[in-house]
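Would you mind keeping the following structure in view while I ask a few things?
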Amino acid sequence: MPPKVVFPDTADTVAKPATNGKTKHHKPKQDHRALAHRLRGQRESLPIFTARNAIIQQVRQHPTVIVVGETGSGKTTQIPQYLLESGFGTTAITQPRRVAATSIAKRVAEEVGTPLGGRVGYTIRFEDCSSDKTQLRFCTDGLLLREILSDPLLRRYEVVILDEAHERTLRTDILLGMLKDIQRERKRVAELNQQVPDAYFEEEEEVSYRDHRSHGTHVTFDEPEEEPMQPEAVPSVIDNVHGDVTGIGELKIIVMSATLDAERFSAYFDSAPILYVAGRQFPVTTYYTTTPQADYLDAAHLTALQIHTETPSTSGDILVFLSGQEDIESVEKLLRDSAASFPPGVPALLPCPIFAALPQSQQSQVFDPAPEFTRKIILATNIAETSLTIPGIRHVVDSGVHKVRGFDPRVGESLLVEPISKSSARQRTGRAGREAAGFCYRLYTESDYAQLAEDSIPEIKRCQLSMVVLQLKAAGVTDVMQFDFMDRPSKKALKHALLELYALDALDDRGELTALGRWMSEFPLEPSYSKVIYASQKAGCTREAIDIVSLLSVDSLFYVPADKREESNAAQAVFRSTEGDHLTFLNLLRAYNKVNGDREWCQEHFVNRRNMKHVLDVRLQLNRLCARLELDTERSCGTDLDAVLKCFLSGFFHNCALLQPDGTYRSLNGSQAVHVHPGSSMFAKKTPAIFYDQLVFTNKLHARAVSAVDPMWIAQASPKLYGRLNTTA
Ligand code: CDP
Ligand code: MG
């Protein structure tokens with residue numbers, strides 16, 4: 001029996017009977033209006049309701065308004081509706097995560113009483129559920145950034161709401177700067193327009209609007225350039241709007257945040273007013289562990305079980321914060337295994353995962369009430385910290401970690417599990433006290449808590465910038481060093497991004513966007529991947545390149561249960577390629593397609609079916625995008641798979657490592673030690689050179705998705721960087 005996780009006094013305190021904190025949730029029905037009518041009472045009882053008129057008034061009076069309100073006060077679901085009811089035009093509401101955008105859009109459509117995709121819709125990468133009737137469009141921040149490329153003044157929107165701004169994701173930060181610029185420019189144009197009689201432009205306005213709207217339910221990307229590969233002049237933001245500027249009014253911006261430090265946003269937007277919405281928070285009793293936990297997954301599993309068995313299931317559901325999908329799936333499995341051997345009398349438990357890449361079909365169970373005599377244990381990433389409010393939670397288990405993207409020029413981009421900030425810890429705790437008094441179990445000691453940083457560092461200060469720099473360039477920002485960042489990334493990081501884009505041939509030696517760079521900016525992918533796809537045309541392996549890029553879009557393709565390591569290893573041996581993971585994954589996809597994703601087959605081979613479905617989705621969308629860009633997506637290299645690896649190198653030459661005489665690998669660009677991930681087919685194999693998709697931190701820095709390459713290929717892949725490199729040394 002594994003040791004119990006010890007919190008001082010938990011059993012006594014927690015065992016007190018508590019009231020049922022569950023809110024009834026309605027399933028969407030065809031009768032939209034009746035449902036909306038029923039939800040009206042709930043809407044009006046939200047804390048934000050009393051601030052409705054004040055908010056509308058401020059938005060009318062000021063170009064930018066900052067709204068601060070406790071999670072669950074109703075910012076995201078209500079403010080867009082208030083705007084709609086008050087006659088504002090089309091509004092975009094950005095979310096840092098896909099799942100939040102889709103699930104909130106669904107809820108708001110229910111409250112408004114319209115089918116999703118009508119007046120209320122969403123658009124996320126690879127999925128568009130909106131139409132030309134859509135007035136409230138929920139989207140990811142990345143999606144809105146992309147929209148600026150085709151609609152530089154975002155003219156289809158009267159209002160843009162930047163939600164969850166406190167998270168300071170990379171894309172939110174870039175959007176802040178772009179929106180500020182667009183707002184200024186629209187003000188100028190609107191003032192010009194006021195001097196011209198409206199009727200003069202009426203017809204044209206119609207046309208220009210129609211051009212920018214999406215139709216139906218497929219992805220909206222830019223129309224392909226006539227000749228996508230031809231060089232062309234790069235327009236600046238200002239240049240773009242010279243032609244037709246009719247009907248452009250001012251842009252209203254609303255910045256919403258769940259934490260109190262909103263002065264920075266206000267200062268950034270010329271002293272914009274800050275509106276504070278009172279929250280509703282019940283007391284939460286917080287416990288720390290008495291000793292540090294060696295394995296937070298185990299601790300999370302045991303703590304959830306303890307709560308479940310020691311408190312009545314009517315005392316509310318449990319929300320467990322973990323770092324990512326892999327963590328969530330391990331704990332989900334541990335819980336299911338434990339539940340299978342519950343003695344009679346213990347109520348059932350229902351683990352409900354929620355993370356960014358969870359397919360839509362599986363999201364709703366998180367919000368639906370559990371069946372009778374069953375308790376939901378929600379396993380979430382920090383998505384449940386502030387962006388989603390899940391009803392019925394009374395117990396929170398906080399692992400104290402989250403996953404962050406990091407970047408080190410010597411080794412490349414990494415995905416690391418790191419301690420959260422105090423501010424995050426407080427938000428997590430708050431989730432337990434939304435509907436009644438609750439309990440929070442921190443899986444770390446009180447002195448560890450005291451060591452945590454006050455706030456997380458904005459992502460823009462710590463991650464790789466090549467994708468956003470490419471997007472800025474494509475949006476006409478010629479001098480990214482001078483861009484009005486709210487928090488300026490280091491010069492070094494910006495230079496590194498510029499250099500990488502130059503090495504990828506996306507920028508020329510004057511730092512200007514090349515035709516290839518513009519083409520790459522069409523892809524909602526890191527530039528390395530779009531470069532691979534580009535290279536695959538010439539090499540005649542576009543089908544394989546798209547397949548592998550799609551396969552790399554998920555965290556893990558296989559399950560490797562700790563107790564069945566040998567068995568799963570043996571089952572997966574059939575896919576294994578001697579050249580490494582990229583081709584192994586390709587073999588897996590081919591085999592999966594042959595059996596049509598059969599459930600039993602996936603179980604037998606320990607294949608993560610949920611993720612494979614996501615892969616197929618991404619592949620479909622990439623194929624559509626490539627077809628629009630007039631790429632031949634059927635071009636296949638058959639069995640000459642070296643061609644595919646060479647294509648990958650043309651995007652990943654910065655993620656290479658060479659074998660050293662002592663048997664270790666050292667990164668090419670920084671001579672940093674690189675360890676092959678134990679889950680890789682290249683683990684324990686020695687080959688002169690490898691390249692990898694990314695680095696993750698488990699107990700040391702591990703390269704994941706690793707393939708063997710000929711060192712000469714590396715030099716050929718990027719003559720700009722390694723042209724004179726002596727790879728035989
Ligand atoms: O954005 P903020 O955190 O301020 O709150 P919100 O997301 O607008 O949520 C307001 C309320 O709507 C929450 O307290 C939930 O009770 C409810 N809600 C819900 O019941 N189901 C959803 N899918 C979303 C929100
Ligand atoms: Mg919200």
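The values are calculated or read from the model by the stated rules, or taken from the named source; none is laboratory data. Everything numeric in this text was worked out from a predicted model, so none of it was measured. Ideal geometry is used to build each Cβ from the backbone, glycine not excepted, and the neighbour counts take in all protein chains shown.
Kindly establish whether Leu504 is more than 24 Å from Leu388 (Cβ to Cβ), surrounded by 17 or more Cβ atoms within 10 Å (Cβ to Cβ) and either in contact (Cβ under 8 Å) with a residue 40 or more places away in the chain or touching a strand residue (DSSP E or B) at 6+ places or on another chain (Cβ under 9 Å) (or both). Walk me through how you get there before you give the answer.
Values: more than 24 Å from Leu388 (Cβ to Cβ): yes; surrounded by 17 or more Cβ atoms within 10 Å (Cβ to Cβ): yes; either in contact (Cβ under 8 Å) with a residue 40 or more places away in the chain or touching a strand residue (DSSP E or B) at 6+ places or on another chain (Cβ under 9 Å) (or both): yes.
Answer is yes for this residue.
Inside segment 138-170, can you point out the residues that are away from ligand 2 (no atom under 16 Å from the Cβ), closer than 26 Å to Asn623 by Cβ and not polar (S, T, N, Q)?
Gly142, Leu143, Leu144, Leu145, Arg146, Glu147, Ile148, Leu149, Asp151
Shifting gears a bit: Considering only residues of segment 45-57 that are outside any loop (DSSP other than H, G, I, E, B) and within 31 Å of the chain's Cα centre (by Cα), which is farthest from ligand 2 (Cβ to nearest atom)?
Step one: list which residues in segment 45-57 are outside any loop (DSSP other than H, G, I, E, B), which gives 47-57.
Narrowing the set further to residues that are within 31 Å of the chain's Cα centre (by Cα) leaves 47-49, 51-52, 55-56.
On the way: Pro47: 13, Ile48: 10, Phe49: 15, Ala51: 15, Arg52: 16, Ile55: 14, Ile56: 18 Å.
Here the answer is Ile56.
Kindly establish whether Arg610 is at negative phi and part of a loop (DSSP other than H, G, I, E, B). Give the steps one after another, and end with the answer.
Values: at negative phi: yes; part of a loop (DSSP other than H, G, I, E, B): no.
It is false that Arg610 is at negative phi and part of a loop (DSSP other than H, G, I, E, B).
Count, please, the residues in segment 293-325 that happen to be within 30 Å of the chain's Cα centre (by Cα), surrounded by fewer than 18 Cβ atoms within 10 Å (Cβ to Cβ) and farther than 28 Å from Arg97 by Cα.
Our first condition is that a residue be within 30 Å of the chain's Cα centre (by Cα); within segment 293-325, this holds for 293-305, 316-325.
Subset that is surrounded by fewer than 18 Cβ atoms within 10 Å (Cβ to Cβ): 294-295, 298.
This time we only want the ones that are farther than 28 Å from Arg97 by Cα, so: 294.
Number satisfying all stated conditions: 1.
Considering segment 634-657 alone, what residues qualify as being crowded, with 21+ Cβ neighbours inside 10 Å, at pLDDT 90 or above and not in a helix (DSSP H, G or I)? Give the steps one after another, and end with the answer.
Keep residues of segment 634-657 that are crowded, with 21+ Cβ neighbours inside 10 Å, which gives 644-645, 647-657.
From the residues that got through so far, the ones that are at pLDDT 90 or above too are 644-645, 647-653, 655-657.
Hits for segment 634-657 are Phe653, Asn655, Cys656, Ala657.
Something else: For Ser330, only one of the following conditions fails: (1) within 16 Å of ligand 1 (Cβ to nearest atom); (2) surrounded by fewer than 21 Cβ atoms within 10 Å (Cβ to Cβ); (3) polar (S, T, N, Q). What is its number?
So Ser330 meets the others, but not (1).
Still on this model: What's the number of the condition Gly69 fails, among (1) of a type outside the set (S, T, N, Q); (2) away from ligand 1 (no atom under 14 Å from the Cβ); (3) more than 21 Å from the chain's Cα centre (by Cα)?
(2)
Let me ask something additional. Considering only residues of segment 401-425 that are in contact with a Phe, Trp or Tyr (Cβ under 7 Å, 6 or more places away or on another chain) and more than 24 Å from Arg442 (Cβ to Cβ), which is modelled with the lowest pLDDT?
Among residues in segment 401-425 that are in contact with a Phe, Trp or Tyr (Cβ under 7 Å, 6 or more places away or on another chain) and more than 24 Å from Arg442 (Cβ to Cβ), the one modelled with the lowest pLDDT is Glu413.
So that you can scan it fast, the table gives a plain yes or no per residue for (1) within 25 Å of Tyr287 (Cα to Cα); (2) free of Cβ contacts under 8 Å to residues at least 60 places away in the same chain:
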| site | (1), (2) |
| --- | --- |
| Asp327 | yes, no |
| Ala340 | no, yes |
| Pro344 | no, yes |
| Ala356 | no, no |
| Ala380 | yes, no |
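Could you tell me which residue of segment 274-292 is nearest to ligand 2 (Cβ to nearest atom), considering only residues that are among the aromatic types (Phe, Trp, Tyr) and surrounded by fewer than 16 Cβ atoms within 10 Å (Cβ to Cβ)? Steps first, please.
So the first thing to find is which residues in segment 274-292 are among the aromatic types (Phe, Trp, Tyr), and the list is 276, 282, 287-288.
Filter once more, keeping what is surrounded by fewer than 16 Cβ atoms within 10 Å (Cβ to Cβ): 276, 282.
Details: Tyr276: 15, Phe282: 19 Å.
Taking the candidates together, the pick is Tyr276.
Is it fair to say Thr77 is in contact with a helix residue (DSSP H, G or I) (Cβ under 9 Å, 6 or more places away or on another chain) and either modelled with pLDDT under 95 or part of a strand (DSSP E or B) (or both)? Step through it out loud before you land on a result.
Working: in contact with a helix residue (DSSP H, G or I) (Cβ under 9 Å, 6 or more places away or on another chain): yes; either modelled with pLDDT under 95 or part of a strand (DSSP E or B) (or both): no.
For Thr77, the condition - in contact with a helix residue (DSSP H, G or I) (Cβ under 9 Å, 6 or more places away or on another chain) and either modelled with pLDDT under 95 or part of a strand (DSSP E or B) (or both) - is not met.
What do you reckon, is Val68 hydrophobic (A, V, I, L, M, F, W, C), more than 15 Å from ligand 2 (Cβ to nearest atom) and assigned by TED's automatic domain parsing to the domain that holds Ala165?
Numbers: hydrophobic (A, V, I, L, M, F, W, C): yes; more than 15 Å from ligand 2 (Cβ to nearest atom): no; assigned by TED's automatic domain parsing to the domain that holds Ala165: yes.
No.
Given Asp368, Asp398, which one is touching a Phe, Trp or Tyr at 6+ places or on another chain (Cβ under 9 Å) and away from ligand 2 (no atom under 16 Å from the Cβ)? Steps first, answer last, please.
Numbers: Asp368 fails: touching a Phe, Trp or Tyr at 6+ places or on another chain (Cβ under 9 Å).
Only one candidate qualifies: Asp398.
Hey, another quick one. Do you know which residues across segment 669-694 are surrounded by 16 or more Cβ atoms within 10 Å (Cβ to Cβ) and modelled with pLDDT under 85?
Of everything in segment 669-694, those that are surrounded by 16 or more Cβ atoms within 10 Å (Cβ to Cβ) and modelled with pLDDT under 85 turn out to be Asn669, Gln672.
Checking the condition aromatic (Phe, Trp, Tyr) and free of Cβ contacts under 8 Å to residues at least 24 places away in the same chain, which residue from Phe683, Phe648, Phe652 passes?
Working: Phe648 fails: free of Cβ contacts under 8 Å to residues at least 24 places away in the same chain; Phe652 fails: free of Cβ contacts under 8 Å to residues at least 24 places away in the same chain.
None of the other options fit; the residue is Phe683.
Out of the residues in segment 118-143 that are assigned to a loop (DSSP other than H, G, I, E, B) and either surrounded by fewer than 24 Cβ atoms within 10 Å (Cβ to Cβ) or among the aliphatic types (A, V, I, L, M) (or both), state the one that is modelled with the lowest pLDDT. Even if it seems obvious, please write down each step before you answer.
Within segment 118-143, the first condition is being assigned to a loop (DSSP other than H, G, I, E, B), and the residues that meet it are 118-119, 125-126, 130-135.
Among the residues that remain, those that are also either surrounded by fewer than 24 Cβ atoms within 10 Å (Cβ to Cβ) or among the aliphatic types (A, V, I, L, M) (or both) are: 118-119, 125-126, 131-133, 135.
Working: Gly118: 95, Arg119: 96, Arg125: 81, Phe126: 75, Ser131: 94, Asp132: 93, Lys133: 94, Gln135: 97.
In this case the residue turns out to be Phe126.
Only residues that are within 16 Å of ligand 2 (Cβ to nearest atom), more than 13 Å from Ala304 (Cβ to Cβ) and of a type outside the set (Val, Ile, Thr): list them for segment 376-395, please.
Scanning segment 376-395 gives Asn382, Ala384, Glu385, Ser387, Leu388, Pro391.
Restricting to segment 81-96, give me the number of residues that are away from ligand 2 (no atom under 11 Å from the Cβ), touching a residue at least 12 places away in the same chain (Cβ under 8 Å), outside any strand (DSSP E or B) and of a type outside the set (Gly, Ala, Ser).
Total satisfying the criteria: 6.
When segment 311-333 is examined, which residues are found to be closer than 20 Å to Ile393 by Cβ, modelled with pLDDT of 90 or more and part of a helix (DSSP H, G or I)?
Result: Asp327, Ile328, Val331, Glu332.
Between Pro47, Pro115, Pro80, which is surrounded by fewer than 21 Cβ atoms within 10 Å (Cβ to Cβ), out of contact with any His (no Cβ under 9 Å at 6 or more places or on another chain) and of a type outside the set (S, T, N, Q)?
Working: Pro115 fails: out of contact with any His (no Cβ under 9 Å at 6 or more places or on another chain); Pro80 fails: surrounded by fewer than 21 Cβ atoms within 10 Å (Cβ to Cβ).
Checking each option against the conditions leaves just Pro47.
Residue check: is Thr445 surrounded by fewer than 22 Cβ atoms within 10 Å (Cβ to Cβ) and more than 16 Å from ligand 1 (Cβ to nearest atom)? Break it down into steps so the answer makes sense when it comes.
Numbers: surrounded by fewer than 22 Cβ atoms within 10 Å (Cβ to Cβ): yes; more than 16 Å from ligand 1 (Cβ to nearest atom): yes.
Spelling it out, Thr445 is indeed surrounded by fewer than 22 Cβ atoms within 10 Å (Cβ to Cβ) and more than 16 Å from ligand 1 (Cβ to nearest atom).
Do we have any residue at all in segment 661-677 that's over 19 Å from Lys720 (Cα atoms) and basic (Lys, Arg)?
Yes; the residues of segment 661-677 include at least one that is over 19 Å from Lys720 (Cα atoms) and basic (Lys, Arg).
Take the residues in segment 151-179 that are assigned to a helix (DSSP H, G or I) and in contact with an Asp or Glu (Cβ under 6 Å, 6 or more places away or on another chain), then tell me which one is farthest from ligand 1 (Cβ to nearest atom).
So in segment 151-179, the residues assigned to a helix (DSSP H, G or I) come out as 165-167, 170-179.
Filter once more, keeping what is in contact with an Asp or Glu (Cβ under 6 Å, 6 or more places away or on another chain): 170-172, 175, 177.
Details: Leu170: 21, Arg171: 19, Thr172: 15, Leu175: 18, Gly177: 24 Å.
Going through the qualifying residues, I end up with Gly177.
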